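The values are calculated or read from the model by the stated rules, or taken from the named source; none is laboratory data. All values derive from a computational prediction rather than experimental measurement. Ideal geometry is used to build each Cβ from the backbone, glycine not excepted, and the neighbour counts take in all protein chains shown.
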Amino acid sequence: MTEHSLWCFSRALHRAINERQPDDLAALIDDNVEWAVYGPIDMFPFLGARRGRAAVLDVCKQIADNIRVHRFERETVMLGVDSGASMMRYSLTALDSNRPISLRLAQFAQFKAGLLTSMRVVVDTFDLVEQTLGRPIHLPKIA
């Protein structure tokens with residue numbers, strides 16, 4: 001039995017971010033990949049939608065320029081033949097402020113012939129923004 005594409009992709013993504021070694025990641029991404037990380041793009045310009053291998057590799061470089069991954073754990077994983085989804089918790093450090101960040105996200109990946117063709121990530125953005133700002137966000141009460 002061969003290793004699932006999600007595991008190969010996950011290891012390569014973390015090497016590209018933490019060790020700035022994008023070559024293994026590039027080899028696992030389809031030329032026309034669709035990539036979207038949903039979150040506040042005004043605060044984090046590397047979030048949002050991208051298309052194509054070069055755009056995704058550029059996003060990974062931008063992420064590497066801004067954060068360091070210390071630890072991650074998969075809370076839940078579901079694997080299909082050519083797909084994978086997981087709920088994850090990350091421990092990060094913002095490189096500009098050296099501030100620790102705890103992040104929770106859900107990711108949904110699709111593969112074809114071992115290459116990533118689609119990635120969707122939903123981030124717990126409210127908590128992320130509060131941690132980044134270093135203070136709670138007070139929202140008006142809704143009647």
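Here SER102 meets the list (1) under 19 Å from ASN18 (Cα atoms); (2) surrounded by fewer than 16 Cβ atoms within 10 Å (Cβ to Cβ); (3) at pLDDT 95 or above almost entirely, failing just condition (3).
Screening THR93, THR76 for residues that are polar (S, T, N, Q), farther than 20 Å from MET43 by Cα and surrounded by fewer than 16 Cβ atoms within 10 Å (Cβ to Cβ) leaves exactly one candidate, THR76. Looking across region 28-40, just one residue is farther than 17 Å from GLN131 by Cβ and not in a strand (DSSP E or B), and that is LEU28. Test GLY39 against the stated conditions and say whether it is over 21 Å from THR125 (Cα atoms), crowded, with 17+ Cβ neighbours inside 10 Å and in contact with a helix residue (DSSP H, G or I) (Cβ under 6 Å, 6 or more places away or on another chain). So GLY39 fails the test. Of everything in region 57-81 that is among the hydrophobic types (A, V, I, L, M, F, W, C) and within 13 Å of the chain's Cα centre (by Cα), the residue that is farthest from LEU6 (Cα to Cα) is ILE67. What's the number of the condition THR132 fails, among (1) surrounded by fewer than 15 Cβ atoms within 10 Å (Cβ to Cβ); (2) touching a Lys or Arg at 6+ places or on another chain (Cβ under 8 Å)? Among (1) surrounded by fewer than 15 Cβ atoms within 10 Å (Cβ to Cβ); (2) touching a Lys or Arg at 6+ places or on another chain (Cβ under 8 Å), THR132 violates only (1).
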